[in-house]
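The next block holds one structure in the form of structure tokens; read it before the comments.
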Amino acid sequence: MTRPLIKSETFQRIAAPALVGIVIVAAWEVACRTAEVPAILFPKPSDIADKLLADWPTLLRALATTLRVTLEAFAAAIIIGTLTAFLFVQSRFIEISLFPYAVLLQVTPIVAIAPLVIILVKNTQVALTLCAMLVALFPIISNTTLGLRSVDPGLENLFRMNKAGRLQTLLRLRIPSALPYFFGGLRISSGLALIGAVVAEFVAGTGGRNSGLAYEILQSGFQLDIPRMFAALFLITVAGVGLFIGMIALSKLALGGWHESEAVREA
């Protein structure tokens, strides 16, 4: 009785959003055709699909470039953010002293600092990755630090009574307790890394064979090729959704067997 229910819920989670998306796209197509809206002002979904098929090699290469910057920045943010959180949890004084500077990464617009980073860092690829990493870093630091501190007081006292060392407490108590928070931070940071990569590409304005989707959007705007602009935007959206779904799958893989946040609930 449980398995059919689980399958039904899984089907609904996929089918319901898909149905809403189909209705929106169909209404968009019908409205544009009925009002005879020119593609240069607001293209129909069919116009965007035609442009995707026509310019697929160029757009796919641009998508690969943007995803490369995104994934490199995301990986760097995970490593630096996690190590910073481990440092914060070892000393409350260190956390109080340095956490405000981590907050500055969140509140400072990347558009304001990206030109400076691109000027100072001669390698464009490294500069773009650095800008995207700065955007994605704070949620990992914040969530992981919160998770490492959100341990059960009873379990913490038990470890203390058994004279567990600092490293043993970190590995066997704090890290398992922090994993749901950590994966929550990954879901946020994956999208922010993509946003940071696109914004950095806009600021850099790099072209050629190594141009990303942001450059394709700029070029399409200059050429008034609005369907191609929407096609590039569509690929950015698909990439963001794919990253988010990937983080959800990774969270379920890591936590599904033991943590209540990912456990399947019976009706």
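The values are calculated or read from the model by the stated rules, or taken from the named source; none is laboratory data. Remember, it's a predicted structure, so these values are computed and weren't measured experimentally. Positions of Cβ are backbone-derived with ideal geometry, glycine not excepted, and every protein chain shown enters the neighbour counts. Note: accessible area is taken over every heavy atom of the protein model, side chains too, but ligands, DNA and RNA are not part of it. Shrake-Rupley method; radii C 1.70, N 1.55, O 1.52, S 1.80 Å.
Would you check if there is a residue in the range 36-52 being among the small types (Gly, Ala, Ser), free of Cβ contacts under 8 Å to residues at least 40 places away in the same chain and within 15 Å of Ala239 (Cα to Cα)? Scanning the range 36-52 turns up no residue that is among the small types (Gly, Ala, Ser), free of Cβ contacts under 8 Å to residues at least 40 places away in the same chain and within 15 Å of Ala239 (Cα to Cα).
Residues of the range 219-259 that are buried (at least 18 other Cβ atoms within 10 Å of the Cβ), free of Cβ contacts under 8 Å to residues at least 24 places away in the same chain and more than 19 Å from Leu60 (Cβ to Cβ): none at all. Residues that are of a type in the set (A, V, I, L, M) and modelled with pLDDT of 90 or more within the range 21-48 comprise Ile22, Val23, Ile24, Val25, Ala26, Ala27, Val30, Ala31, Ile48, listed in sequence order. Filter the range 83-117 for residues that are part of a helix (DSSP H, G or I), among the polar types (S, T, N, Q) and closer than 30 Å to Arg172 by Cβ and give the result. Correct list: Thr84, Gln90, Ser97. Scanning the range 163-178 for residues that are out of contact with any Phe, Trp or Tyr (no Cβ under 6 Å at 6 or more places or on another chain), open to solvent by less than 50 Å² (accessible area, probe 1.4 Å) and within 19 Å of Ser251 (Cα to Cα) yields Arg174, Ile175, Pro176, Ser177, Ala178. Taking residues in the range 62-77 that are more than 12 Å from Leu137 (Cβ to Cβ), and partners anywhere that are in a helix (DSSP H, G or I) and of a type in the set (S, T, N, Q), the pairs with Cβ atoms closer than 6 Å and at least 6 places apart or on different chains are Val69/Thr129; Glu72/Thr129.
Going by the conditions given, is Ile80 of a type in the set (Val, Ile, Thr) and either surrounded by fewer than 18 Cβ atoms within 10 Å (Cβ to Cβ) or in a loop (DSSP other than H, G, I, E, B) (or both)? So Ile80 passes the test.
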